[in-house]
Amino acid sequence: MSITPRMAERREPPFGALRRTFAMLVKEFIQLKRDRVSFAMIVMIPVMQLLLFGYAINTTPRHLPTAVLLQEDSDLARSVLKALQNTAYFRFTHQVRTVEEFDNLLQSGTVLFGVEIPRGFERAVRRGEHPALLVAADATDPVASGSAMAALGRITETALMHDRVAGDVVPPPFEVRAHARYNPAGASQLNIVPGLTGTILTLTMLIFTALSVTRELERGTMEALLSMPIRPVEVMMGKIIPYVLIGFVQAALIIGLGTSLFGVPIYGSLMALALLSTLFITSMLAVGYTFSTLAQNQLQAMQMSMMFFLPNILLSGFMFPFAGMPGWAQWIGEALPLTHYLRIVRAIMLKGATLENLRYDSLMLLGLTLFAMTIAVTRFRRTLD
Amino acid sequence: MQSVATLETPATDIAIDVHGLSKSFGSRKVVSDLSMQVKRGAIYGFLGPNGSGKTTTIRMLCGLLTPDSGEGTCLGYNIRTEADKIRRHVGYMTQRFSLYQDLSVRENLEFVARLYGLTSPRRAARDMITRLGLNGREEQLAGELSGGWKQRLALGACTLPSPKLLLLDEPTAGVDPKARREFWNEIHALAADGLTVLVSTHYMDEAERCHEIAYIAYGQLLTHGTVQEVIAHSALITYTVNGAQLNGLQAELAGKPGIDMVAPFGNSLHVSGRDEQALEASIAHYRARSDLTWERSEPSLEDVFIELMNRAQDNFR
């Protein structure tokens, strides 16, 4: 009885709900203002997405790197090459002399196309023998090679426009034989499954370790750890090695399911795949560990990981053809471990590439791993200064 | 036969010997020109208000922070250049519980034992569990222990590698009186075995359990010595007043010439000042009142510290 009247006396001021909501809102803004990483994320993510999608990504890529195996130097051969170049889909980057070199370039992923003009091509055309001109495509990524392949059909016509060596003959005097290597059916799963191995490993490995040091800082265990006789490298190795094993299990799971459910082949050596996967996992762990030493709390570490993950997805060649990106975007891509790992895992699984074929990407991956690990170790403070 | 201890460290009976330590964070000077000496086997109490630089000093002693200036040794090792060796022989118990909450009691102890390279981590952990009286709880997660048990476990983890010096940063904050007493009994037992203990605290009763104490405020060491020495050094004259309506009296006395401090203690009032004549003059009128009994007494440690702090604050401003 004594309570109710008093409650009635303390009447609710007007707009109570509004004022309380406003108090909450002001507090949230103040906290947001203090949280620099969240703020950066709010600005960076839309800007990054917009710039990358707008300028870097191209789903009908042009100027694709192409190797030429020129076995005769004739006017007709030059006209054909010119016509190919004029489609704007092909950019001749390598001229090779042997079939081995030609195959190696395709297998390592250095070029997406190879054009072979056989010896005695012009003479055969003149004689009406109807010879064939080979265009081999790396079809592992059907998106990258698709439109260029489609353009091949009109090549004969354009090649002969200025060079009417054989007059207007129907059917055309030579044939362009397009050969989609590695993935003749153009099945996108074949390209996606190896790619997913890389992106899933990136995400999980990054997040696991990004939290590892910040968690110790947040829970106050870092201070005790620092006061005990253990070195930064020892802390890092101790934290990274368990996840190398976890990453390995994860990779095995994805690849195992990919082969059993989607029939993705593994033409190359499993040993090479395992070795380079371990290297890639380590590089992601080192990057995550670096974030962990930079972030002040676990939320920041997560946000940094997401901001790193985004360009990895867009610029590595996972979703969109690498060769179709402008130069600057390719440079950024080259600095991402995922780019190299994607090439490696696709080349080993789908093209049967060997370590020898993949020397460049393997070395790049190794270099980036060592770089990330060095930063991680030097970033780790021995003291609380 | 020479003992291991004398082979490893210089034969001296000083465990901590530092001079002129200073440390700033940004523009804030946290410790300034601090010098201290702690004898081997002593329990040295480190007192001072919050934010006075106790934790920073302890961190500098064990190599977790690098002093901006100043030199010194800890167990005979240079605190600047030999932090690695100090780490091996010092047990540091942080203010915040710093064992892994998601590891069990046994797993935490085994982790520490392995880090220090003890020959048999399992046995060391088992022995420590018995010593701590944690038998039956070894598989419990450290995070699930009560406050008192957490502190005991943390102390156990610090003493596991048989350190020569223990640095305890407010080890009994938020622990009940019984657990606190047991904790201190343990510390005395360790000191009796020759371990040096530096312990920071806010509790006056704990200060009185130390062999020696030091008082630090605003990053400066204001006084040190045994409890008796510190009280004697203060030159503080204290009267204890008993009677009714002490609340009004406190307000009246405060601020009078010669009266530096008036503090209620239960049903009595402590009236203290350094200037005996001025103090006597100010209270003369009140001493005549029949409802009050005045008695000259020794200042308590708390009186001394609060007076020191007030004075330091004046100097600081």
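No lab work stands behind these numbers, since they all come straight from the coordinates. This is a predicted model, so every value here is computed, not measured. With ideal geometry, Cβ positions are generated from the backbone for all residues, glycine too; neighbour counts draw on all protein chains shown.
Brief remarks on what is shown
- Seen against the Cα atoms of chain A and their longest principal axis, helix A:359-379 is set at about 20 degrees.
- Leading residue at positive end of dipole, the protein assembly as shown (Cβ point charges), from A:Pro242, B:Ala15, B:Ala284: A:Pro242
- When the Cα positions of A:Phe322, A:Leu366, A:Leu285 are compared along the charge dipole of the stretch A:188-379, A:Phe322 comes out farthest toward the positive end, with charges on each C-beta of Lys, Arg, Asp and Glu.
- About the centre of its Cα atoms, the stretch B:180-304 shows a dipole size close to 340 debye [charges on the beta carbon of Lys, Arg (+1) and Asp, Glu (-1) only; nearest 20 debye].
- Between the helical axis of A:298-315 and the longest alpha-carbon principal axis of chain A there is an angle of about 10 degrees.
- Within chain B, DSSP assigns beta bridges of which about 70% are antiparallel (rounded to the nearest 5).
- Amide H contacts of B:Ile216: B:Leu47, B:Gly48, B:Leu222, each under 5 Å away and 5 or more positions distant or on a separate chain (H built 1.01 Å from N in the peptide plane; Pro and chain starts excluded).
- Integer Hz, Karplus 6.51/-1.76/1.60 couplings in order for the stretch B:15-21, x for Gly and Pro: 8, 10, 9, 10, 9, x, 5
- Shape category assigned to the stretch B:237-298 from the gyration tensor of Cα positions, a/c cut at 1.5: rounded
- Burial ordering of B:Glu71, B:Glu110, fewest other beta-carbon atoms within 10 Å first: B:Glu71, B:Glu110
- Counting beta carbons within 10 Å around each of B:Phe46, A:Phe371 and listing the fewest first gives the order A:Phe371, B:Phe46.
- For the peptide A:216-226, the mean number of other protein chain Cβ atoms found within 10 angstrom of a residue's Cβ is 6.
- Nearest-20 debye value, the protein assembly as shown charge dipole, Cβ charges on Lys, Arg, Asp, Glu: 1260 debye
- The long axis of helix B:147-159 is offset from the longest Cα principal axis of chain B by roughly 60 degrees.
- Among A:Trp328, B:Trp294, a tally of other beta-carbon atoms within 10 Å of each Cβ gives an order, fewest to most, of A:Trp328, B:Trp294.
- Computed magnitude of the charge dipole of the stretch B:237-298 (debye, nearest 20; Cβ of K, R +1, Cβ of D, E -1): 100 debye
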